[in-house]
1. Tell me which residues, restricted to the range 233-244, are surrounded by 15 or more Cβ atoms within 10 Å (Cβ to Cβ) and part of a loop (DSSP other than H, G, I, E, B).
2. Test V77 against the stated conditions and say whether it is modelled with pLDDT under 65, surrounded by 14 or more Cβ atoms within 10 Å (Cβ to Cβ) and within 30 Å of I147 (Cα to Cα).
3. Looking at the range 235-272, which of the residues that are closer than 17 Å to C193 by Cα and among the polar types (S, T, N, Q) is modelled with the highest pLDDT?
4. Condition first: closer than 15 Å to G246 by Cα and surrounded by 15 or more Cβ atoms within 10 Å (Cβ to Cβ). Now tell me which residues in the range 181-196 satisfy that.
5. Would you confirm whether any residue within the range 224-232 is at pLDDT below 90, within 22 Å of G152 (Cβ to Cβ) and in a loop (DSSP other than H, G, I, E, B)?
6. For the range 212-232, name all the residues that are among the aliphatic types (A, V, I, L, M) and open to solvent by less than 70 Å² (accessible area, probe 1.4 Å).
7. Taking into account only those residues within the range 128-165 that are in a helix (DSSP H, G or I) and open to solvent by less than 80 Å² (accessible area, probe 1.4 Å), which is modelled with the highest pLDDT?
8. When the residues of the range 1-29 are filtered to those that are part of a helix (DSSP H, G or I) and of a type in the set (V, I, T), which remaining residue is surrounded by the most Cβ atoms within 10 Å (Cβ to Cβ)?
Amino acid sequence: MLDQKVFGDKLRNHRKRLGLTQEKVAERVGVSPQAISKWEAGDCLPDCFNLKALSDVYKISTDVLLETETNDDIEAVASKIEQLGTEFIWATANCDRYDTNPRRELGEDLWKMWKGIYFAEVGNRQKQEESKRQGNLRIIGSFGTKIWDDDGVACVIQSELIKKLTVFDKETIDVMNALCSEEGQKLILSLRCDIPTPKQEIIEKTNMDISRLNELLLMFTESRMIEYVADNRSPDSGYLMSGHCGIAAYMALAAMFILNKTRYTVSQFLIG
């Protein structure tokens, strides 16, 4: 059931978020400032036409505006996010796999949603807006290390993870050393996550000695960082980033990318 008071508070918050006055919103919607004031106070509700106009002004769907039920169950919140992701998948189901239009790219949509969650978890509106203005890296609270970088890095590492870590064995260290070598980086950067890269194309991209390339391909395949895909029904065959440990390779290269940046902002927020 729609709670008019909660609905009014949401309208007020969205207006202030955009830095708009009631008069300015009224002008865009085509009503009087008094109507905006009454809606925000929860005294009455806008009709369907004005509701659509409000959603356009605040750049938010009418479904979100009308959602006023409160639920403290984090699982319910997670389910809503998953449902939203499913809707994105449904909306982009007919897109061509090579379509690069960011407006139709599922990953771009979820990336924006993830960014919104990162900024929201600051837990303080003023600091949230300050963080948006500063951009780039942020480290937040005792829960763990959280990094957001608009260049393409988003990561959360829980503090509790440190208790589970052990000293690496020699084999793992050898793999990481190979990954961090110039040839290892060239190999990883020549691969994709979605479409296999033929070996000949890897050779052309990396200009690497064949024996060294074969050594790295074998090592990274055995460590499940990359995998070889062959499909007799498709011309696509070759190597791509593995869904198992491939993330480790990307995290290592992302760490190098961050360390190599000469300009970035780090903000620290302690949530008590």
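The values are calculated or read from the model by the stated rules, or taken from the named source; none is laboratory data. Small disclaimer: the values here were computed from a predicted structure and weren't measured. Positions of Cβ are backbone-derived with ideal geometry, glycine not excepted, and every protein chain shown enters the neighbour counts. Only protein heavy atoms, including side chains, enter the accessible area calculation; ligands, DNA and RNA are left aside. Shrake-Rupley method; radii C 1.70, N 1.55, O 1.52, S 1.80 Å.
1. Hit for the range 233-244 is S242, nothing else.
2. Taking the combined requirement at face value, the residue does not satisfy it.
3. Checked the range 235-272; the qualifying residue modelled with the highest pLDDT is S242.
4. Result: G184, Q185, K186, L187, I188, S190, L191, P196.
5. Among the residues of the range 224-232, not one is at pLDDT below 90, within 22 Å of G152 (Cβ to Cβ) and in a loop (DSSP other than H, G, I, E, B), which makes the answer no.
6. Passing the criteria: L213, L216, L217, M219, M225, I226, V229.
7. Only one residue fits best here, namely L161.
8. V25
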